[in-house]
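Notes follow the structure.
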There are 4 protein chains.
Amino acid sequence: MIKVGVLGAAGKVGSEICTAVEAAEGTELVARVGSDDDITDLVTAGAEVVVDFTHPDVVMDNLEFCIDHGIHAVVGTTGFDEGRLAQLRSWLELSPGTGVLIAPNFSIGAILMMRFAAVAAPFYESVEIVELHHPTKADAPSGTARRTAELIAAARREVGSPPMPDATSTALDGARGAVVDGVPVHALRIRGLVAHQEVVLGGPGETLTIRHDSLDRASFAPGVLAGVRAIGQHPGLTVGLEHFLDLD
Amino acid sequence: MIKVGVLGAAGKVGSEICTAVEAAEGTELVARVGSDDDITDLVTAGAEVVVDFTHPDVVMDNLEFCIDHGIHAVVGTTGFDEGRLAQLRSWLELSPGTGVLIAPNFSIGAILMMRFAAVAAPFYESVEIVELHHPTKADAPSGTARRTAELIAAARREVGSPPMPDATSTALDGARGAVVDGVPVHALRIRGLVAHQEVVLGGPGETLTIRHDSLDRASFAPGVLAGVRAIGQHPGLTVGLEHFLDLD
Amino acid sequence: MIKVGVLGAAGKVGSEICTAVEAAEGTELVARVGSDDDITDLVTAGAEVVVDFTHPDVVMDNLEFCIDHGIHAVVGTTGFDEGRLAQLRSWLELSPGTGVLIAPNFSIGAILMMRFAAVAAPFYESVEIVELHHPTKADAPSGTARRTAELIAAARREVGSPPMPDATSTALDGARGAVVDGVPVHALRIRGLVAHQEVVLGGPGETLTIRHDSLDRASFAPGVLAGVRAIGQHPGLTVGLEHFLDLD
Amino acid sequence: MIKVGVLGAAGKVGSEICTAVEAAEGTELVARVGSDDDITDLVTAGAEVVVDFTHPDVVMDNLEFCIDHGIHAVVGTTGFDEGRLAQLRSWLELSPGTGVLIAPNFSIGAILMMRFAAVAAPFYESVEIVELHHPTKADAPSGTARRTAELIAAARREVGSPPMPDATSTALDGARGAVVDGVPVHALRIRGLVAHQEVVLGGPGETLTIRHDSLDRASFAPGVLAGVRAIGQHPGLTVGLEHFLDLD
């Protein structure tokens, strides 16, 4: 049984994580810490791993406390730049058995989609991305689509892929999408949808399509639990949940 | 048995139509007329219906001959503007039992997709089009995608649909596609594909997707045969195969 | 403004309908009636249309009351057999201006999918249905899939379609799905899904796919509102929301 | 330039391979050997690699000749059982620098689909396979679908996945598909299709779908060329093209 404390337990995401930790096998919820609670509750409760979905303003203080007390941390809070990562590394040097995972994306499906797209890309002449989201989203394309495009582009560069074939000579503005690192990306905004992405790869006579559909925010829970289970065996700083998944 | 003559019989499309007419029930191929052959062969052979997939330069002469001789015509040749259609109508007035079908698209699937998209559009807040073609296509979006967008837009106007919801405030150029008559259209160019289109409609909690995949040029044959079978009962000029299909 | 009362307002579906009626343009929620409330509240509040998502045990009493008082009814409660429909018709004869809509399915997307599948089926050699649901569903295939298969089969019979081509000579049990009225139906049960269905139609060189994705139970609200808005112009008994939608 | 000879060059597949070898960079077609030709032409022409798409009756003689003469072989001919593979290994021991690749499937897309499905399966509660083919196919499900199911089942066993959730209590025969090694497999037979397969994986709130569409038999050419390019660096016997692809 891994003893788990949750920081930001009163928030929407935090409370869903509490539910998931309680329901999962092998994990036990020992502390729910909200913004009005005392972080030392984690120590009193004997938490071995902390999950932090809080706020950029407080996450560094939280992590300093956890590292100081030898508590591993799985972090979904955003806002980590190189400076913050360097700070975390220097703290972790002083607490060599402790592990911290910083993950921008806990959706295992999104991680697998990105990985598979990058592995497949060198085998195909053409690769494009279609992402589909609810119409209240502010940015287009999505961060996941941009990241996928960058990974595809890097994989193509590594094997020296030629530019994709495209004989378009007459086009309406925007018809061929946005180009991210050489990869066309198309963004749909449709009422009723949540968060979806499709990567379409094609070569002579065949196509391969990898599609991820996120229908509910609960989809991050399995990724968080995977992080909680693995962090004890990964001392030091890890950026990206993919490093804990067996993808080979 | 309907006796069918084919004009442009030596061409790629024409020869496939000959094969289809021979294979189909209820039709008999009585004349294959190429550019070096004499069009009067149609009369000698007793053709009741002619299929014309020739060239804009010769199609008007072909049709004048057919109408003069009371032979119905099913026409896939392009280049018909208002002037040509008016000319056809005046010829047909002098041969009141004869029918001519001018159809820009003989794919029944494409016709059904456009029709269903237009019927469904008024019931949904969001509608977007994704078309996917081989990378040697010159125009983007495709003519079918543009036409679909226009039909959707007309259907939405008729019921007074409000603008589609879209909160995008930060976007890369092209990410949200080309806008045709208010409808976003996205064009993918992927090696291995032929001609494909998807219309995605969405409202609260649900989406409806209508997809047409054309995998082989043989796909126009059923539409041509439907035209051949129906033209005898439709004297005068008809533009668009959809008028011969029972779509209600 | 149509004045609307909701019967079963305390239930899960009923309360979502209350929210939808309040949010919609042209409708006003004037009465929420739960199982402990007095149905005469509807009259006091001046309800013109009632929405009934209650229980087969009480719905007939509810409808007798509504018809007696000249209140139109839009009914999603199940359990209507021929006897109950006949009873409703005889009550409605005594209240000639009143309308009752009994609808087994208020999802406009599901209705459109079924309609389009039936319209398209006669044009294709092959038609199969794939339905995908959450794994806690008890029946396979779904009621919607069975109904879709029946509508497709009827449309094919009407035009004399030959049996579908299928050269399968060696098959594992179940590989080719369940056969409903001659139409193969395949049921997937996948964690994370809600309710989805795809109808795949194919002819020489092309396929047409019609897919409905229901991602949230909110998807019945637009259909209920369409019923509420139309019922005043449809006195008598109507079975099936499709009769109120402009589908031609 | 790799000098390539093609055995079975007069056949449908063989002649397409000749075309592909001629068109590709880095390969040169030096011998086309049909069933009436002399296999010693390969030696005269200086072939370094042979591609064999012939017949189970002649392939062993072909390979004995190639191995004897130190010519590498890339083999798509079927019918290799353990006895034949053992025979090949013993011949190859006597010609230690020579490589033979026996591959049941040269479609890179099919290989990637199978690989990705197996990698992803341990992360999901539910996995099912839908394969779609032309209606003249004799077996259901396809060999690729069966193989995919076996790979998924093996990956799930390795991590101790529990049985998939499925609350179905009332089902029509066949509705839930064929069960291959615990994995439901559904086979559609649709006119107009070629060879297609979709693997649907689902967990709480999300699904991942991997789809392979083979639209043209030309789709095996890139896989054959990948084999031709790699075989020189892989002496001995290799079974399965996946061993030559960089999939990690």
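The values are calculated or read from the model by the stated rules, or taken from the named source; none is laboratory data. Only a predicted model underlies this, so the values are computations on that prediction, with no experimental measurement involved. Using ideal geometry, Cβ is built from the backbone for each residue, glycine included, and neighbour counts are taken over all protein chains shown. With ligands, DNA and RNA removed, areas are computed over all heavy atoms of the protein, side chains included. Shrake-Rupley method; radii C 1.70, N 1.55, O 1.52, S 1.80 Å.
Observations
- Just one residue in the set B:Thr144, B:Thr136 is in a loop (DSSP other than H, G, I, E, B), within 20 Å of B:Arg217 (Cα to Cα) and among the β-branched types (Val, Ile, Thr); that residue is B:Thr136.
- Here C:Arg189 does not fit the description of being within 30 Å of B:Val159 (Cα to Cα) and among the charged types (D, E, K, R).
- Within segment A:44-65, the set of residues being surrounded by 19 or more Cβ atoms within 10 Å (Cβ to Cβ), touching a helix residue (DSSP H, G or I) at 6+ places or on another chain (Cβ under 7 Å), of a type outside the set (S, T, N, Q) and under 13 Å from A:Gly79 (Cβ atoms) comprises A:Asp52, A:Phe53, A:Leu63.
- Under the condition of being modelled with pLDDT under 95 and open to solvent by 20 Å² or more (accessible area, probe 1.4 Å), the residues counted in segment C:98-121 number 2.
- Residue check: D:Gly192 meets all listed conditions (1) farther than 28 Å from A:Leu215 by Cα; (2) out of contact with any strand residue (DSSP E or B) (no Cβ under 7 Å at 6 or more places or on another chain) but one, namely (2).
- Pairs are defined by a Cβ separation below 6 Å, a sequence spacing of at least 6 or placement on different chains, a first member in segment A:174-190 that is farther than 22 Å from B:Pro165 by Cα, and a second member that is open to solvent by 10 Å² or more (accessible area, probe 1.4 Å) and of a type in the set (Asp, Glu); the pairs so defined are A:Asp181/A:Glu150.
- Answer residue from segment C:179-205, given it is in contact with a Phe, Trp or Tyr (Cβ under 9 Å, 6 or more places away or on another chain), part of a strand (DSSP E or B) and facing another protein chain (nearest Cβ under 8 Å) and is surrounded by the fewest Cβ atoms within 10 Å (Cβ to Cβ) among those: C:Gly203
- None of B:Ser142, B:Ser90 is among the polar types (S, T, N, Q), open to solvent by less than 20 Å² (accessible area, probe 1.4 Å) and out of contact with any Gly (no Cβ under 6 Å at 6 or more places or on another chain) except B:Ser142.
- Residues in segment D:1-43 that are part of a strand (DSSP E or B) and closer than 21 Å to D:Ser107 by Cα: D:Val4, D:Gly5, D:Val6, D:Leu7, D:Thr27.
- Residue in segment D:138-158 that is of a type in the set (S, T, N, Q) and over 21 Å from the mean Cα position of the chain (by Cα) present: no
- Set B:Ile152, B:Ile129: member being aliphatic (A, V, I, L, M), buried (at least 18 other Cβ atoms within 10 Å of the Cβ) and more than 14 Å from A:Arg189 (Cα to Cα): B:Ile152
- Any hit, segment C:135-142, residues being touching a residue at least 60 places away in the same chain (Cβ under 8 Å), of a type outside the set (Gly, Ala, Ser) and more than 30 Å from C:Gly205 (Cα to Cα): no
- The lone criterion from (1) at the interface with chain B (Cβ under 9 Å from one of its Cβ atoms); (2) under 19 Å from the mean Cα position of the chain (by Cα); (3) open to solvent by less than 10 Å² (accessible area, probe 1.4 Å) left unmet by C:Leu208 is number (2).
- Exactly one residue out of D:Asp173, D:Asp213, D:Asp181, D:Asp166 is over 26 Å from A:Leu201 (Cβ atoms), under 28 Å from the mean Cα position of the chain (by Cα) and acidic (Asp, Glu), and it is D:Asp181.
- Note on segment B:1-43: among residues that are free of Cβ contacts under 8 Å to residues at least 24 places away in the same chain and of a type in the set (A, V, I, L, M, F, W, C), the one that is surrounded by the most Cβ atoms within 10 Å (Cβ to Cβ) is B:Cys18.
- Condition met for C:Gly79 (in contact with a Pro (Cβ under 8 Å, 6 or more places away or on another chain), open to solvent by less than 60 Å² (accessible area, probe 1.4 Å) and closer than 28 Å to C:Asp216 by Cα): yes
- Residue match in segment C:222-236 (condition: away from chain B (no Cβ under 11 Å), more than 30 Å from B:Ala221 (Cβ to Cβ) and either in a strand (DSSP E or B) or hydroxyl-bearing (Ser, Thr, Tyr) (or both)): yes
- Search result, residues across segment B:156-165 that are without any contact (Cβ under 8 Å) to a residue 40 or more places away in the chain and surrounded by fewer than 19 Cβ atoms within 10 Å (Cβ to Cβ): B:Arg157, B:Glu158, B:Val159, B:Gly160, B:Pro162, B:Pro163
- Within segment A:206-221, the residues that satisfy the criterion of being of a type in the set (A, V, I, L, M, F, W, C) and in a strand (DSSP E or B) are A:Leu208, A:Ile210.
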